[in-house]
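**Student:** Okay, handing you the structure first.
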C-alpha cells in the first residue's frame, strides 16, 4: 500500500454537505427535491473510509482483527442509536397521534441492523405512508451497518483471491455497476420504488464506489499523477456543482432518479473525494471551516434524531399548513432540538463510549450510582422509566393508523355500494323480458353496471347525488361517508393508491359500460402527483363537453404538490365544462382536520372535502368557474 497521510482531509465537510441536504429535504422537500442524495454521499464516504481503515490495519499488522473492528463500530453506532430508540418510543407513548404504529417492527429493525429488509417485507413505503414512521430514516443506517458487518470478511477474501490492485478496483467498480443496473431494471415507472431504494443489493453502489476509490488510493495510480494534482481543484468544483445540480433536479417521482440518477450522484461524490485527496483543493477551505466540521462530526447523531423529532414536534405543536408561519415555527423548533440533542449525545455519550469502551463506561456508571451524589441516581431512575415506557409502547402499539382505518372503512362502503348495485341490476335484468335492454346488457357481461344514456347537451343545473360519479384514490375513499351525506345516491368508483396513470383505464371502462353520470368528480394524484398533463387532458376529452367535471387539486408536503396543482389548473382551464375544487386552499385554512399523516382528512375534514367539491359544482353551474 502506498504511503498516505493519516488524516483524510475534507471528509467531515462532505458529511456536513450530506446531512444539510437530507435536513433540507425532510424539512421542506420542495426546496431541494433531490436532497435524499445526501444519503448516497454518506454511502460513498463510508465505503471509502472503512476500506481505507481496513487497508491500513492489514498493511500494519498483516492481518485483520475482525472482533476489534466490529467492537469499534459498535462503540461508534450503538449508544446513540439505542438512546434515540428509547427516547422516541417513550415520547410516542406519551403523545399518541399514531406515532407508534408499527413501532415493534421498526425498533427490531433498528437494533438488529435490518430496518430496510423488514420494511420491504412489511410492504412499507418510503414515499407514501398513511402513518408517521418514527424510524423511517433508519433504512440507510441498516444498509451501512450490513456493510460494516460483512465487508471485512469479503475484504479479506478480495485481498486473498485478487492479487493485483487493478483487479480489486475492477471487481469493486463492477459490482457497483451491477447494483446500479439491478436498481434500474427492477424499478417500474409509476410504481412505488421502495424495494429498489431500500434494498442493500440495489443500493450498494455508493458503498462499492467508495471501496473502488479506496483501492485506487492504496496503490500508485492516477491519483498520484501530477496531472491529477493540477486538475483536481477543477474536477472537484465540477463534481460538487454536478452533485448540487442533481439535488435540485431529481425527485422521487422521476424514473431517471433510479435509472442512473442516484448512481451519477454517487459517482460524482467519488470524484469529489478523489479531488480532495491531494490536499490542495480550494474546496478544503470551505470543507474544513469550523462550523462545517462541527456539523460533519455530529452528522450521525443529527441523522438519527432529525426525523423522529420532526414527527414528535409536528404531533405536539398546533397543526399548520405547509409554508404557513406555524409550519416554519415547527420546523425551526425541530431543527433546533435536533442540533442540541445531537450535540449533547456526541459530547456526553458517543465520544465517551468511543474513547473508553463499554466496560469502562459501565464501571463509571456503577460507581456514580452507588456514590453519594444524587444526580446519577436520578438519571438511573429516568433511564429505567424510559426503558419501561419503551417496552410498554412497543407492547401496546396500534396495528393500524387512523388514516389506514379510515381508508379501509371507506373502501368497505364503496365495495358495498358496488355490490348493492350489482344485486339491483341483476334483479332488474331478471324482470326484463327476454331480448330486452337488460338482457342485452347481461349478454355483454355487464350485469351490475349502471347504464345511462350519454348527455347530449351540457346541463347547467346543480346535479343531485344520483347524477354524480366520483373517480379517485384514497382521498375519495376516506371521504366516502361525507360525499354520500352531501350527495345522496352518488356513485363512487375509487381505490386507494390509484393514480392518474390509472384514470384512463378506470374512466374508459366506466364509459364503455355506460355507467358515467352527467356530473363527474375526479381526484387522483395523492401518492404520485401529476406526471403527465396529457393524461389529464385525455381523461377530460373522454368525458366529453356535455358533462360537468370537477377536478380536485392536491395538498401535502410532497415535492410534486405545487407543480401538479399548476398542471391541473392549466389543463382544466382548457375545458369550459370543468373546474378545480381547491382542496389545497380549503384544508390549508384548517389543517387540524387532517389525520396524523397530514394528508387524509378526518371526519370533519371529509365534510370539508365534500363541501369544497359542492362549492366547485356551484361555481361551474353559475358559469363562474
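The values are calculated or read from the model by the stated rules, or taken from the named source; none is laboratory data. Everything numeric in this text was worked out from a predicted model, so none of it was measured. Using ideal geometry, Cβ is built from the backbone for each residue, glycine included, and neighbour counts are taken over all protein chains shown.
**Student:** Taking the conditions exactly as written (part of a helix (DSSP H, G or I) and in contact (Cβ under 8 Å) with a residue 12 or more places away in the chain), does residue 475 satisfy them or not?
**Tutor:** Values: part of a helix (DSSP H, G or I): yes; in contact (Cβ under 8 Å) with a residue 12 or more places away in the chain: yes.
Yes: the conditions hold for residue 475.
**Student:** Report yes if residue 136 is under 30 Å from residue 405 (Cα atoms), out of contact with any helix residue (DSSP H, G or I) (no Cβ under 8 Å at 6 or more places or on another chain), touching a residue at least 12 places away in the same chain (Cβ under 8 Å) and surrounded by fewer than 23 Cβ atoms within 10 Å (Cβ to Cβ), otherwise no. Lay out the reasoning, then the answer.
**Tutor:** Working: under 30 Å from residue 405 (Cα atoms): yes; out of contact with any helix residue (DSSP H, G or I) (no Cβ under 8 Å at 6 or more places or on another chain): no; touching a residue at least 12 places away in the same chain (Cβ under 8 Å): yes; surrounded by fewer than 23 Cβ atoms within 10 Å (Cβ to Cβ): yes.
Here the answer is no, as residue 136 does not meet what is asked.
**Student:** Considering only helices (runs of 4 or more DSSP H) fully contained in region 227-325, which possess at least 1 residues that are under 23 Å from residue 339 (Cα atoms)?
**Tutor:** Numbers: elements: 262-276, 283-287, 290-297, 299-316.
Fully inside region 227-325 and qualifying: 283-287, 290-297, 299-316.
**Student:** Hey, which of the helices (runs of 4 or more DSSP H) in region 102-189, taking only ones fully inside, have at least 3 residues that are closer than 21 Å to residue 252 by Cβ? I'd like the intermediate steps shown before the answer.
**Tutor:** On the way: elements: 103-112, 115-121, 138-161, 165-186.
Those helices (runs of 4 or more DSSP H) span 115-121, 138-161, 165-186.
**Student:** Among the listed residues 251, 201, identify the single one that is in the same structural domain as residue 158 (by TED's automatic domain parsing) and either out of contact with any strand residue (DSSP E or B) (no Cβ under 6 Å at 6 or more places or on another chain) or closer than 22 Å to residue 39 by Cβ (or both).
**Tutor:** Numbers: 251 fails: in the same structural domain as residue 158 (by TED's automatic domain parsing).
The unique qualifying residue is 201.
**Student:** A further question on this structure: Having 3 or more residues that are within 20 Å of residue 617 (Cα to Cα), out of contact with any helix residue (DSSP H, G or I) (no Cβ under 8 Å at 6 or more places or on another chain) and not assigned by TED's automatic domain parsing to the domain that holds residue 454 is the bar; report the strands (runs of 3 or more DSSP E) wholly within region 478-563 that clear it. Spell out the reasoning first.
**Tutor:** Details: elements: 491-494, 519-523, 548-552.
The strands (runs of 3 or more DSSP E) meeting that bar number zero.
**Student:** Let me ask something else. With surrounded by fewer than 21 Cβ atoms within 10 Å (Cβ to Cβ) and at positive phi as the only criterion, which of 62, 56, 75 stands out? Steps first, please.
**Tutor:** On the way: 56 fails: at positive phi; 75 fails: at positive phi.
Exactly one residue qualifies, and that residue is 62.
**Student:** Output the residues belonging to region 103-116 that are farther than 19 Å from residue 399 by Cα and in contact (Cβ under 8 Å) with a residue 40 or more places away in the chain. Don't jump to the end; show me each part of the working.
**Tutor:** In the first step, residues of region 103-116 are kept if they are farther than 19 Å from residue 399 by Cα; the result is 111-114, 116.
If the condition is that a residue be farther than 19 Å from residue 399 by Cα and in contact (Cβ under 8 Å) with a residue 40 or more places away in the chain, then 116 is the only one that fits.
**Student:** Residue 521: at pLDDT 95 or above, under 14 Å from residue 547 (Cα atoms) and within 34 Å of the chain's Cα centre (by Cα), yes or no? Explain how you work it out, then say what you get.
**Tutor:** On the way: at pLDDT 95 or above: yes; under 14 Å from residue 547 (Cα atoms): yes; within 34 Å of the chain's Cα centre (by Cα): yes.
In short, yes.
**Student:** Looking at this structure, is residue 423 in the same structural domain as residue 482 (by TED's automatic domain parsing), out of contact with any strand residue (DSSP E or B) (no Cβ under 6 Å at 6 or more places or on another chain), at pLDDT 85 or above and exposed (fewer than 13 other Cβ atoms within 10 Å of the Cβ)? Quick ask: steps written out before the conclusion?
**Tutor:** Numbers: in the same structural domain as residue 482 (by TED's automatic domain parsing): yes; out of contact with any strand residue (DSSP E or B) (no Cβ under 6 Å at 6 or more places or on another chain): yes; at pLDDT 85 or above: no; exposed (fewer than 13 other Cβ atoms within 10 Å of the Cβ): yes.
In short, no.
**Student:** Any chance region 325-344 includes a residue that's over 22 Å from residue 24 (Cβ atoms), outside the structural domain of residue 591 (by TED's automatic domain parsing) and out of contact with any helix residue (DSSP H, G or I) (no Cβ under 8 Å at 6 or more places or on another chain)?
**Tutor:** Kept after step one, since they are over 22 Å from residue 24 (Cβ atoms), are these residues of region 325-344: 344.
Now narrow it down to the ones that are outside the structural domain of residue 591 (by TED's automatic domain parsing): 344.
Checking the rest, the ones that are also out of contact with any helix residue (DSSP H, G or I) (no Cβ under 8 Å at 6 or more places or on another chain) come to 344.
Yes, some residue in region 325-344 is over 22 Å from residue 24 (Cβ atoms), outside the structural domain of residue 591 (by TED's automatic domain parsing) and out of contact with any helix residue (DSSP H, G or I) (no Cβ under 8 Å at 6 or more places or on another chain).
**Student:** Next up: When you go through (1) farther than 30 Å from residue 59 by Cα; (2) at pLDDT 95 or above; (3) out of contact with any helix residue (DSSP H, G or I) (no Cβ under 6 Å at 6 or more places or on another chain); (4) surrounded by 16 or more Cβ atoms within 10 Å (Cβ to Cβ) one by one for residue 241, which number turns out not to apply?
**Tutor:** Checking residue 241 against (1) farther than 30 Å from residue 59 by Cα; (2) at pLDDT 95 or above; (3) out of contact with any helix residue (DSSP H, G or I) (no Cβ under 6 Å at 6 or more places or on another chain); (4) surrounded by 16 or more Cβ atoms within 10 Å (Cβ to Cβ), the one that fails is (4).
**Student:** Does residue 349 fit the bill of being touching a helix residue (DSSP H, G or I) at 6+ places or on another chain (Cβ under 6 Å) and either touching a residue at least 40 places away in the same chain (Cβ under 8 Å) or over 30 Å from residue 600 (Cα atoms) (or both)?
**Tutor:** Details: touching a helix residue (DSSP H, G or I) at 6+ places or on another chain (Cβ under 6 Å): yes; either touching a residue at least 40 places away in the same chain (Cβ under 8 Å) or over 30 Å from residue 600 (Cα atoms) (or both): yes.
Yes: the conditions hold for residue 349.
**Student:** Then there is this: Answer with yes or no whether residue 125 is assigned by TED's automatic domain parsing to the domain that holds residue 59, surrounded by 15 or more Cβ atoms within 10 Å (Cβ to Cβ) and closer than 18 Å to residue 42 by Cβ.
**Tutor:** Values: assigned by TED's automatic domain parsing to the domain that holds residue 59: yes; surrounded by 15 or more Cβ atoms within 10 Å (Cβ to Cβ): yes; closer than 18 Å to residue 42 by Cβ: no.
For residue 125, the condition - assigned by TED's automatic domain parsing to the domain that holds residue 59, surrounded by 15 or more Cβ atoms within 10 Å (Cβ to Cβ) and closer than 18 Å to residue 42 by Cβ - is not met.
**Student:** Another question, if that's okay. Scan region 211-225 residue by residue and report those that are part of a helix (DSSP H, G or I) and either over 19 Å from residue 284 (Cα atoms) or under 32 Å from the mean Cα position of the chain (by Cα) (or both). Spell out how you get there, then give the answer.
**Tutor:** From region 211-225, those part of a helix (DSSP H, G or I) are 211-218, 222-224; that's our starting set.
Passing the criteria: 211, 212, 213, 214, 215, 216, 218, 222.
**Student:** Taking residue 540 as meeting all but one of (1) at pLDDT 95 or above; (2) under 27 Å from the mean Cα position of the chain (by Cα), write down the number of the exception.
**Tutor:** (2)
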